[in-house]
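The values are calculated or read from the model by the stated rules, or taken from the named source; none is laboratory data. These numbers come from a predicted model, not from an experiment. Note: ideal-geometry Cβ built from the backbone for every residue, glycine included; neighbour counts use all protein chains shown. To get the accessible areas, we keep the full protein, side chains included, count just its heavy atoms, and leave off ligands, DNA and RNA. Shrake-Rupley method; radii C 1.70, N 1.55, O 1.52, S 1.80 Å.
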Amino acid sequence: GLIAAVDSDADNVFVVLSARKLNPKLHIVARASSEESAAKLEIAGADRTLSPYAVGGRRLASLATQPLVVDFLDVVTRGEKGMELRLVEFSVPEDSPIAGHTIGELKSGESTRAIVLAVRTTEGNFDTTPQDDERLRANDTLIVLGSRGEIERLEQLMDGEGVAEG
């Protein structure tokens, strides 16, 4: 991937255009100072744009209204020392043996006790309340909360370690 985050929106557009020409499949995230600049960066080929001013404003509002939620998210997204929980994103590989298994099967027995918070399907749909009987498919993306060990075990399962073929 590429992050285009120079001070000038015009320079970021140039970086994005150049990178997109060199590699059409590259995932590109770009900094934009305004909504108008964000639109131009997306036309130039950025997959995602971010305005530090908008993010900063939302963060300030959240800190004022929900400080503990912000603290919790900071801890789990940064994996701060002393905090066992991690919030991670996994894409189910094409050849992964967990494809076809249910979320419940991942959590049971000796598998993993990680919590699948959301599933984004290959069609782009976000299921923010996935049920234990939901079957995972290749190329689904999972948003998972768990301890370091639970996350490591999920990575092993995705690679085929310890999953019975179903």
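General observations
- Normalised per residue, the volume of the convex hull around the Cα set of the stretch 1-87 (Å³): 112
- For the chain, the relative contact order comes to 18 percent (Cα pairs under 8 Å, sequence separation of at least 6).
- The chain, dipole about Cα centre (Lys/Arg Cβ +1, Asp/Glu Cβ -1), debye to the nearest 20: 560
- Average accessible area per residue (Å²) across the chain - probe 1.4 Å, nucleic acids and ligands excluded: 63
- Comparing Ala54, Pro93, Gly149 along the charge dipole axis of the chain, the residue lying farthest to the positive side is Ala54, per the Cβ-charge model.
- Placing R0 at 25 angstrom, the Cβ-Cβ distance between Leu17 and Asn125 gives a FRET efficiency of 0.20 after rounding to 0.05.
- Portion, in percent, of the accessible area of the chain that falls on carbon or sulfur, probe 1.4 Å: 54
- Kirkwood Rh, angstrom, the chain [1 / mean 1/r, Cα pairs]: 18.3
- Environment charge at Ala138 (Cβ cut-off 12 Å; Lys +1, Arg +1, Asp -1, Glu -1): -1
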